[in-house]
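What follows is calculated from the coordinates using simple rules that are stated; it is not laboratory data. In this text the structure is predicted, and so the values were computed from the model without any measurement.
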């Protein structure tokens, strides 16, 4: 009696597994944009870089900060992808020392450094006007443009263009 019940039970379980496997949906492949991180995660990552940059300058104080979200121009990005562009200014008591320390710490991602007014070229070919001295750092988390007047102390302005992320 026990073996007959076990056999029937095994047959029912096997049949239910076959039915559930046969009716399940096939796994779908995700597009590159669906695999992208959430836009807030992208902002957090770029904020970490900005904090590292600011840590190289003594006596910093944020003067102003502004955020804007824009669509991404990446192929296949669609309406669900965006990137942040933020502008921030901070004061410091030692601009030359801070710039030197940032250049040493981020030497592997430095794209451009200049001491005159010019259009700064980003890796993607876009340009942005630098009114005087500038330092451009670029990596997978975004682009970090620092502009400053070359004085011993004063204001350092940053323009951050983050990587693209999901607008979930």
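Quick notes
- Computed from the Cα positions only, the extents of the stretch 39-166 along the three principal axes stand at 46, 26, 25 Å, in decreasing order.
- Every pair of different Cα atoms in the stretch 109-168 enters the Kirkwood calculation, which places the hydrodynamic radius at 12.2 Å.
- Extension gain, residue 151 back to residue 117 (0.36 nm per residue minus Cα-Cα distance, nm): 10.8 nm
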